[in-house]
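Below: the structure, in structure tokens.
Since every read-out is calculated from the coordinates, none of them should be taken as a lab result. Fair warning: this is a prediction, and the values are worked out from it, not measured in the lab. Here the Cβ positions follow ideal geometry from the backbone for every residue, glycine too, while neighbour counts run over all protein chains shown.
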Amino acid sequence: MRDAFSDQLYREALKDNNIYIVVADISPAGSMLKFRKKFPNRFINVGVSEQSMIGIAAGLAMKGKKVFTYTIATFSLYRPFEMIRDNFCYQNLPVTVVGMGAGTIYNNLGGTHMSQEDISICRSVPNLNIISPSDPAEMKSAVSYCVKNKKKETIYLRLGKSGEKNFTTKADDKWKFAKIRTIQKGKSICLISHGILIKMSFNISNTLKKQKIIPSIYSSHTLKPFDSKTFKKICKSYKTIISIEDHSEIGGLGSILREEAYRYKYDGNLINFSLKDKFLNDYGSQASLLKKHGISEEIILKKIYNLKK
Amino acid sequence: MNKLISIAKRRCINYRVKLLEMSQRVSAIHLGGTFSSTEILDAIYNILMKKNERENFILSKGHCSALQYVILKDLKVLSENDLRKYSKSNGKLGVHPEVKNEGLNASTGSLGQGLSMAAGFALSNRKKNVYVVLSDGELQEGSTWEAIMAIRNLNLKNIIAIIDNNDLQSLERSSILTPSIYPIDRKFINFGWDSKICDGHNTKEIVKSILNRDKKKPFCLVAKTIKGYPISFMQNNPIWHYRSPSKDEFSIAMNELKNLGNL
């Protein structure tokens, strides 16, 4: 996903010389290196100084530049949070804050490198939109949107890392900002997620297919503004709605769906698989950490089977 | 030059009169800091900046926005009506500058953020000067030092930062609280900037120091000022960071300014 981001940004920058990227000492992997070589004056590395990364990006944006700030999610968002709020959001600047390796992706580096609350924090800030693409293909569409940024507001773009597969390329429903996307059309069960855990939806679906159960799979790639209209339709169509996310149970997709379901008086089963409100460590693999939080394909399948009984 | 300076002196008295009048209509105004910055902002707006550079000014010590409003009214960017409604529910001008208002280029108020935004301005067009005024208290913010580093690292020669070194913050003297930031000019020089110290109430010194700077480097002017200057009972008294004068205090202060004006 990281490569998809930098590759798309590079393509956009070839067409638009107003695009700048301000980074805080992040290793220039993939196309980022290409960007840096081709546009040395538009690739600004401020060093390990996230607060000035945001301030400088704000200054550039106030002069009409299209700016992306980029580093690992915790450092991108948490360290300079007040600058993001005051300089970007309060002044309503169309800047994209890129949080790389968000959620629990950096589990092997421990809690200081995980950002399990990023969406929750961003959601409460006015003028701050949130996009969490489900795969590299969605990432490319999202980057193009961020460049255009029709709403002219700040965007938090939540990135995975490397090696994610594409899941959404065959979907008829095209990626559109602030629109829940149908990736697979099925019946009675709805699996909805954002970010990298869409792979769980597909693995679960593959297992269920053997028992002739075909769930629908949705990508809720934009979390703010939330596509309430489509979710209303989802509420009407499914007896069971299951959300899966690599984010805290407080303030993420699970929370949003509970708020929305209450609004629409949904009386089916709404089950949220989100991270517990706990600092948990597992340096082995992301999958084993997620399992400690109660998120795994087995656990989700078991829940579905229990409902069917 | 001398005529220019005497006109500036009169202007600064008028600005302070205006600020005192505003203080009688509202409860929230930072008179001490606006009075210490008066000659600095006057020199920048009325002598140093070209008209097309005005969009490149940031008041990082945003709590002194009232002074900026008074000057912008003088320059006919804001109206008398705008000033009259300062800090009122039906007005647009608040205690801190808002980018949505005419002539104001950044929403500041939270200290330590202006210098980084100024760096962004400077980076967007290296040929145009950027002026930014900071309080000495902002040197206690880590983000200010990040910006000081970045500005030199990015070789932004078009930054002119002026520090209102009134040496007094909400609670006590900055030099007693944080002696480690002194001498301020040496800190900037060691970070690769050019820097000078001057009397911050002396327009001639402010202007000369800025015009004679080393144009191959970013520049920081440490303007030594007195908080509350030149009002006898306000000077160097921390209470005037935020306090509005009573009726009696107001008339004493007005008289003192009038006497200065007659000189």
Margin query: What FRET efficiency comes out for B:F250 versus B:R186 if R0 is 30 angstrom and r is the Cβ-Cβ distance? Round to the nearest 0.05.
Written below: 0.15
Note to self: Starting from the Kirkwood Rh over alpha-carbon pairs, what translational D in µm² s⁻¹ does segment B:81-190 have by Stokes-Einstein at 20 °C and 1.002 mPa s?
What the structure shows: 138 µm²/s
Next item on the list: Apply the Debye scattering formula to chain A, with a single equal point scatterer on each alpha-carbon and no solvent, then give log10 I(q)/I(0) at q = 0.07, 0.12, 0.14 Å⁻¹.
Entry: -0.26, -0.75, -1.02
Note to self: What are the extents of the Cα atoms of segment B:180-243 along their three principal axes, in Å, largest first?
What the structure shows: 42, 29, 16
Margin query: Just to be sure I understand the curve: with the Debye formula and one point per C-alpha of segment A:137-253, what is log10 I(q)/I(0) at q = 0.13, 0.16, 0.21 Å⁻¹?
Written below: -0.51, -0.77, -1.32
Notebook entry, point to check: Taking every residue in A:32-45, how many Cβ atoms of other protein chains lie within 10 Å of its Cβ, on average?
Noted result: 1
Check: If you line up the long axis of helix A:253-263 against the longest principal axis of chain A, both from Cα atoms, how many degrees apart are they, to the nearest 10?
Finding: 60 degrees
Margin query: If neighbour count is taken as other Cβ atoms inside 10 Å, put A:Y145, B:Y131, A:Y305 in order from fewest to most.
Written below: A:Y305, A:Y145, B:Y131
Margin query: Compute the angle between helix A:198-209 and the longest alpha-carbon principal axis of chain A, please, reported from 0 to 90 degrees and rounded to the nearest 10.
Written below: 20 degrees
Notebook entry, point to check: For chain A, what is the mean residue ellipticity at 222 nm derived from helices alone (per DSSP H run of n ≥ 4: -39500 (n - 2.57); sum divided by total residues; nearest 500 deg cm²/dmol)?
Noted result: -10500 deg cm²/dmol
Notebook entry, point to check: Percent antiparallel among DSSP beta bridges with both residues in chain A, to the nearest 5?
Noted result: 15 percent
Check: What does a probe at A:N18 reach in segment A:52-94, counting residues whose amide N is under 12 Å from the point 7 Å along Cα→Cβ?
Finding: A:61-67, A:94
Check: Which cross-chain or sequence-distant (5 or more) residues have an amide H under 5 Å from the amide H of A:Y20, H modelled 1.01 Å from N in plane?
Finding: A:K66, A:V67, A:F68
Note to self: About the Cα centre, and with charges only on the beta carbon of Lys, Arg (+1) and Asp, Glu (-1), how big is the dipole of segment A:151-309? Nearest 20 debye, please.
What the structure shows: 640 debye
Notebook entry, point to check: For chain B, what is the calculated [θ] at 222 nm in deg cm²/dmol (nearest 500), taking -39500 (n - 2.57) for each run of four or more DSSP H residues and dividing by its residue count?
Noted result: -12500 deg cm²/dmol
Checklist line | B:S87/B:S6 FRET efficiency (R0 41 Å; Cβ-Cβ; nearest 0.05) | finding: 0.80
Item checked: DSSP-defined beta bridges in the protein assembly as shown - what % are antiparallel, rounded to 5 -> 10 percent
Item checked: Shape of segment A:98-186, Cα gyration tensor, a/c cut at 1.5 -> oblate
Item checked: trypsin sites (Lys or Arg not before Pro) lying in DSSP loop within segment B:1-80, provided at most 14 other Cβ fall within 10 Å -> B:R25, B:K50, B:K76
Note to self: A 30 angstrom limit on the alpha carbon distance is what I want to check against. Which of A:K148/A:K236; A:K276/B:K100; B:K85/B:K258; B:K92/B:K247; A:K38/B:K100; A:K65/A:K229 exceed it?
What the structure shows: A:K148/A:K236; A:K276/B:K100; A:K38/B:K100; A:K65/A:K229
Notebook entry, point to check: Per-residue HN-Hα couplings for segment A:232-240, Karplus 6.51 cos²θ - 1.76 cosθ + 1.60 at θ = phi - 60°, whole Hz, x for Gly and Pro?
Noted result: 4, 5, 4, 4, 6, 9, 10, 7, 10
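Test of understanding: ordering B:L115, B:L134, A:L307 by Cβ neighbours within 10 Å, fewest first, what list do you get?
Working: B:L115 29, B:L134 26, A:L307 15.
Ascending number of Cβ neighbours within 10 Å: A:L307, B:L134, B:L115.
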Check: So how do B:168-175, A:168-175 stack up, highest first, on mean other-Cβ count within 10 Å?
Finding: B:168-175, A:168-175
Checklist line | Cα-based Rg / Dmax (Å) for segment A:189-309 | finding: 14.0, 41
Checklist line | Proxy reagent accessibility, fewest Cβ within 10 Å first, across B:R126, A:R85 | finding: B:R126, A:R85
Notebook entry, point to check: Using a Förster distance of 35 Å, how high is the FRET efficiency between A:K212 and A:S162, based on the Cβ-Cβ distance and rounded to 0.05?
Noted result: 0.45
Checklist line | Alpha-carbon Rg with Dmax, taken over segment A:2-158, Å | finding: 14.0, 40
Next item on the list: Ignore the peptide's own chain and count Cβ atoms of other chains within 10 Å of each Cβ in A:58-71; give me the average, rounded.
Entry: 4
Next item on the list: Relative to the longest principal axis of the C-alpha atoms of chain B, give the angle of the C-alpha long axis of helix B:142-153, reported between 0 and 90° and rounded to the nearest 10°.
Entry: 50 degrees
Notebook entry, point to check: How crowded by other chains is B:130-143, given as the mean number of beta carbons from other chains within 10 Å of each beta carbon?
Noted result: 1
Next item on the list: Please list, in chain and number order, the residues 5+ apart from A:L275 or on another chain whose amide H is under 5 Å from its amide H, with Hs placed from the backbone.
Entry: A:H247, A:S248, A:E249
Note to self: Viscosity 1.306 mPa s, temperature 10 °C: what is the translational diffusion coefficient of the protein assembly as shown from Stokes-Einstein with a Kirkwood Rh over Cα pairs, rounded to a whole number of µm²/s?
What the structure shows: 61 µm²/s
